[in-house]
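The values are calculated or read from the model by the stated rules, or taken from the named source; none is laboratory data. This one's a predicted model, so the numbers in the text were calculated from it and none came from an experiment. Quick reminder, even Gly has a Cβ in these numbers, built from the backbone with ideal geometry, and neighbours come from all protein chains shown.
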């Protein structure tokens, strides 16, 4: 798989970006961190909108920057989606989409048609851009970026200006991008729910430096990772709908190592989904529990133990087949249960949050 190799050192009076990255050549890479951590600056360096004196960028084997040499932005095969859609108010949706193609000799009508279909824009094509909702405007902006046939798609917090309802409206379209695109997508966000739902790879930025990076599902299962999607530790698992229990309005999800029940959603059997299981929602036992209200019980083996932020609490990672879950328990409980690496245990999972 082709990779993106990037090294940038950009110094301003109040901020310095200093990163060295090798990113996947396909899938969604999330640039994650608090406001001011350097996410947008890094994205602009990749686009050529910022030109650090000390920089190196190679994409698919092609040199885009090396020291003073920098391939101009208009010659980089990129699509860029900003926080604001920035559509031309005097043009219809279709005219906005076609406008971006005029100076791009690589774009084809078929690319525009594919983008329109992917983002479900046919009902909107004749509407004025001023009569669109925030979510609709961003769908048009994404289609406009795709229509130029980019080799790299960059998104700078595309949902930041939307309310919760509009975000939920557009997230399924971003999932479509994840499933259909053969190109890498770099996605800037400080929203944990977006990252957990969309990202394959994550880069955690803090004060202009890379704090941690790696495949999302793997890095969240590491006990020493500084990355947290939200206030609590937890793992994200790739799962699949395998059963609906209509009597009790439940749905069973299988992952590589076991299965869990969660609240029923309008999803067909076979649909792939992601679930987020927090450490606080996982308890441990040395034998199967009978007469418990917790229906999700999984058998596993302790494979790592680490201290938590409080001196009386610890984190325990348990391998369940090819997957891993993390439990938080008091050191007193761990002592009573005799928790140690290699020990078989039973996990009780109180709550499973499906990323939706």
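Test residue 351 against the criterion of being modelled with pLDDT under 95, touching a strand residue (DSSP E or B) at 6+ places or on another chain (Cβ under 8 Å) and either closer than 30 Å to residue 198 by Cβ or not in a helix (DSSP H, G or I) (or both), and give yes or no. Yes, satisfied. May I ask you to list the residues in the stretch 312-347 that are out of contact with any helix residue (DSSP H, G or I) (no Cβ under 7 Å at 6 or more places or on another chain) and assigned to a loop (DSSP other than H, G, I, E, B)? Hits for the stretch 312-347 are 321, 322, 338, 339, 340, 341, 342, 343.
Please tell me if residue 59 is over 30 Å from residue 133 (Cβ atoms), in contact with a helix residue (DSSP H, G or I) (Cβ under 9 Å, 6 or more places away or on another chain) and touching a residue at least 24 places away in the same chain (Cβ under 8 Å). Full working, then the answer.
Working: over 30 Å from residue 133 (Cβ atoms): yes; in contact with a helix residue (DSSP H, G or I) (Cβ under 9 Å, 6 or more places away or on another chain): yes; touching a residue at least 24 places away in the same chain (Cβ under 8 Å): yes.
Judged against the criteria, residue 59 is a match.
Quick one: in the stretch 12-46, which of the residues that are without any contact (Cβ under 8 Å) to a residue 40 or more places away in the chain and in a strand (DSSP E or B) is farthest from residue 64 (Cα to Cα)? Applying the filter and picking the extreme gives 12. Within the stretch 296-311, restricting attention to residues that are over 15 Å from residue 278 (Cα atoms) and not in a strand (DSSP E or B), the residue that is farthest from the chain's Cα centre (by Cα) is 311.
Can you find even one residue in the stretch 217-237 that is within 21 Å of residue 179 (Cα to Cα) and over 20 Å from the mean Cα position of the chain (by Cα)?
Taking the stretch 217-237 and keeping what is within 21 Å of residue 179 (Cα to Cα), we get 217-218, 236-237.
Filter again for over 20 Å from the mean Cα position of the chain (by Cα), leaving none.
No, the conditions are met nowhere in the stretch 217-237.
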